[in-house]
Amino acid sequence: MKHVLVTNDDGADSPLFRLLLEWLAPRVRLTIAAPASEQSWRGKSMTRHGEIETAEQIIAGQPATLVTGTPADCVNLGLYNLCSAADRPDLVISGINVGLNAGLGLLLASGTVGACLEANIAGLPGLALSQQLDRDTFMQWDRTRAFEAGMFERLRRATNAALERIWSEFVANRPAEPVTWSLNLPFKPSTTGEDPVEIRRARLGHSFYEQCFVATGERRYRHQMQGLAIDTDPRSDLKVLETGVISASRIDIRDLAPALDD
């Protein structure tokens, strides 16, 4: 049985985080280290000054450690403080993020992906899972931190089907290569009750956000992304996702440091 370290960036109260834990619990041994509060758009940042605190909580029937820090904090703390050197996890899974993480702009800002990059630095593979939503469903979450009951059950069915396929393709009987797979799950209404489980390889799209802050008063601003320049290449992650299948993009931090020609 594999040992998996699980975290996210939406915070420990995220319903999609709970769905992930419910699916994993019968299949693997879990170490759970999740942010105590939402840490979206934190990228791979880590707490440099001050202390981070931890508390114990049961999530989806599993003992979990809540961390007053970033997703990358959670992974580093989990690997080196919560787990012993002799009981090192085999894999880090981050998510399921509420909302997509497609395109380089969003990916570099994503705490979901940042957690997996921290795992890669430690020599472990990572799966960064993100769930595309329509605008109304996302705004419902943003206002209430919950989904309507019918929508939540639909997401549960889709998530379970997607995780079965993802596990088979990216975890079971595969070498532990220290890379991250960014996997975006499509939001596609279904009248048959069957949800898409096809996975298609995609390159990271050259999609970049524009203005991120709007004025709320004199010398005061709040985060509200105003636009996204979309990569229209059909092989890019967002365009693959728009076809209704899971997009899978490989991220290898070692590509940032290619060998020099002699």
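Taking 0.36 nm per residue of sequence separation and removing the Cα-Cα distance, the ILE230/ALA215 pair yields an extension gain of 2.9 nm.
The smallest convex shape that holds all Cα atoms of the range 81-159, its convex hull, gives 136 Å³ per residue. Quick one: Cα centre-to-centre distance for the range 97-173 and the range 4-79, in angstrom? That distance is 14 Å.
Dividing the Cα radius of gyration of the range 30-154 by 2.2 N^0.38 Å, with N the residue count, gives 1.09. For the pair ILE253 and GLU148, a Förster radius of 45 Å applied to the C-beta separation gives a FRET efficiency near 0.70, rounded to the nearest 0.05. A simple spin-label model places the labels of ALA86 and TRP41 4.6 nm from each other, with each point 7 Å out along Cα-to-Cβ. Would you mind counting up the charge near ARG27? Only other residues with Cβ under 11 Å from its Cβ, with Lys and Arg at +1 and Asp and Glu at -1. Summing Lys/Arg as +1 and Asp/Glu as -1 gives 0. Computed over the alpha-carbon atoms, the range 121-237 gives an Rg to Rh ratio of 1.03, Rh here being the Kirkwood radius from the mean inverse distance.
Remark on the range 14-56: hydrodynamic radius 12.9 angstrom, per the Kirkwood mean of 1/r across alpha carbon pairs.
With the full set of protein chains in place, find how many percent of the accessible area of the range 1-117 is carbon and sulfur; take the probe as 1.4 Å. The C+S portion of the solvent-accessible surface of the range 1-117 is 49 percent.
Extension gain for LEU108-ARG200 works out to 31.0 nm (0.36 nm per residue, less the C-alpha to C-alpha distance). The alpha-carbon atoms of the chain, seen along their principal axes, cover 56, 51, 46 angstrom, with the largest extent given first.
When the Cα positions of THR54, PRO125, PRO234 are compared along the charge dipole of the chain, PRO234 comes out farthest toward the positive end, with charges on each C-beta of Lys, Arg, Asp and Glu. Each principal axis of the Cα cloud of the range 1-96 was evaluated for its coordinate range; sorted largest first, these ranges are 37, 32, 22 Å.
With R₀ set to 30 Å, the beta-carbon distance separating GLU51 from HIS3 gives a calculated FRET efficiency near 0.65.
The values are calculated or read from the model by the stated rules, or taken from the named source; none is laboratory data. Please read all numbers here as calculations on a predicted model, not as lab measurements. For neighbour counting, all protein chains shown are included, and Cβ atoms are generated from backbone atoms with ideal geometry for every residue, glycine included. To get the accessible areas, we keep the full protein, side chains included, count just its heavy atoms, and leave off ligands, DNA and RNA. Shrake-Rupley method; radii C 1.70, N 1.55, O 1.52, S 1.80 Å.
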